[in-house]
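These notes are about the structure you will find just below.
The values are calculated or read from the model by the stated rules, or taken from the named source; none is laboratory data. Predicted model only: the values in this text are computed from it and were never measured. Ideal geometry is used to build each Cβ from the backbone, glycine not excepted, and the neighbour counts take in all protein chains shown. The protein model used for the area step is the full one, side chains on, heavy atoms only, and it has no ligands, DNA or RNA in it. Shrake-Rupley method; radii C 1.70, N 1.55, O 1.52, S 1.80 Å.
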Amino acid sequence: MLTVESLVRILKKPMGIIKIEGETLSFMEVNEPFCALSGYTREELLHVDPSEMLAKGDPKPTFHFFEDDSFLRTEITALSKDQTEVFLEVELYRIHEGPNEFIIAFADHISSKKWIDHYVANKPILCSGIVNPSYILTRYEMYFDPIVDHKSRFEHKSIFELIAKVDHPVMKQLLEEIKLTKQTKEVILRTTKLKGLLELKMKIMVHPFFDGAGTFLEYAFVISQLEQYEMIENAAVRLKVLMAQRSMSAQSLSEATGITIQTISKLRNGKVMKPQLLTAQLIAGELGVVVSDIWAETRR
């Protein structure tokens, strides 16, 4: 007969059952993914107070109180067996069975997402992503108007499709090195030719992540700089690159210059190749360049 305890063991998502006895908490059952996440064996966890696994600063009552007394989704910072901080998003379901009270807990490892969020909040970031052990992008986010359209997004593709072939050995060496050292590394690489139009230099910072048992999980990266690698002939693409370098969207450029967003979109898409001189001067001034850096010709 399939019991709740046996169901916990076969689920792939980290999960555990916690028994509540007054103010005392104890694990009744945990599955292998939860053990890997924490670094403890199942037998060790059955003798660990779940609230003692919370890092300093996370209140222990998180496990005791629920807004609606039955369900809580929240983020916590847990400590693995070796006292490494692990960021988790947890779903807690409080259930009653006769006189007994339990919490069914599901957990997602979000340390890589938190690392990215930290950089996005503290410095200009153009895009970010998460890469699995097979070098496949499981997440790819852009924080600026894309230089090329959204169909060129790299999610679910190899990270090497983002990087010029000549720099593949550099990237492979970097990924292997940081997996061994567990350190953040930064490198400048060339991109592939985006839509066959342009090749850029990018500054990419990469960090490896491991579970509580020390098994490698994934890489996270942020790209903080894009520079022109070769001369760009197309004025519309030059405008997109300059805006991307300054993390400036069409909306923010419109607000800063007083030029309608429709006009800026037409200039970015190449539908207008020769803007009015005043329009060109306002845009170039806001981007910190001269008009000729973007448009060879304008209309008087």
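Structure notes:
- Extended-chain gain in nm, criterion 0.36 nm per residue less alpha-carbon gap, Glu155 and Glu176: 5.4 nm
- The range 9-56: trypsin sites (Lys or Arg not before Pro) falling in loop per DSSP and having at most 13 other Cβ within 10 Å: Lys12, Lys56
- Cα gyration tensor shape of the range 248-300, rounded if a/c is under 1.5, else prolate or oblate by comparing a/b with b/c: oblate
- Between the helical axis of 168-181 and the longest alpha-carbon principal axis of the chain there is an angle of about 30 degrees.
- Sequence-distant residues sharing a close amide H with Glu218 (under 5 Å, placed H): Phe209
- (i) 56, 43, 34; (ii) 48, 44, 29; (iii) 84, 44, 37, with the label sought being that of the calculated Cα extents along the principal axes in Å: (iii)
- Computed label-point distance, nm, for sites Gln281 and Lys266 using a 7 Å Cα→Cβ extension: 2.0
- For Ala284, net neighbour charge (Lys/Arg +1, Asp/Glu -1) across residues whose Cβ lies under 15 Å away: +3
- Bins of 10 Å from zero: percent of alpha-carbon pairs in the range 151-292: 10, 34, 27, 18, 9, 2, 0
- Most positive-pole-ward Cα, Ala284, Ser249, Val206, against dipole of the chain from beta carbon charges: Ala284
- Take Ser134: with every protein chain present and a 1.4 Å probe, its accessible area is about 80 Å².
- Springs join every pair of Cα atoms under 10 Å in this Gaussian network model of the chain, and among Gly270, Gly22, Gly39 the largest mean-square fluctuation is at Gly22.
- Mean separation of Cα contacts under 8 Å, 6 or more apart, over the residue count of the chain: relative contact order %: 13
- Cα centroid of the range 268-298 to Cα centroid of the range 79-118, whole Å: 52
- 222 nm mean residue ellipticity, helices alone, for the chain (DSSP H n ≥ 4; -39,500 (n - 2.57); rounded to 500): -8000 deg cm²/dmol
- Under the criterion of Cα pairs below 8 Å and six or more residues apart, the relative contact order for the range 208-283 equals 22 percent.
- Among His156, His207, the order of accessible area from largest down is His156, His207, computed with a 1.4 Å probe on protein heavy atoms.
- Surrounding net charge for Glu177, when Lys and Arg each add one and Asp and Glu each subtract one, Cβ distance under 13 Å: +2
- In Å², nearest 10: area of Tyr93 left accessible to a 1.4 Å probe: 80
- Spin-label model, Ala55/Lys123: points 7 Å from Cα along the beta carbon direction are separated by 2.0 nm.
- Electrostatic tally near Thr215: other residues with Cβ closer than 14 Å to its Cβ, Lys and Arg +1, Asp and Glu -1, net -1.
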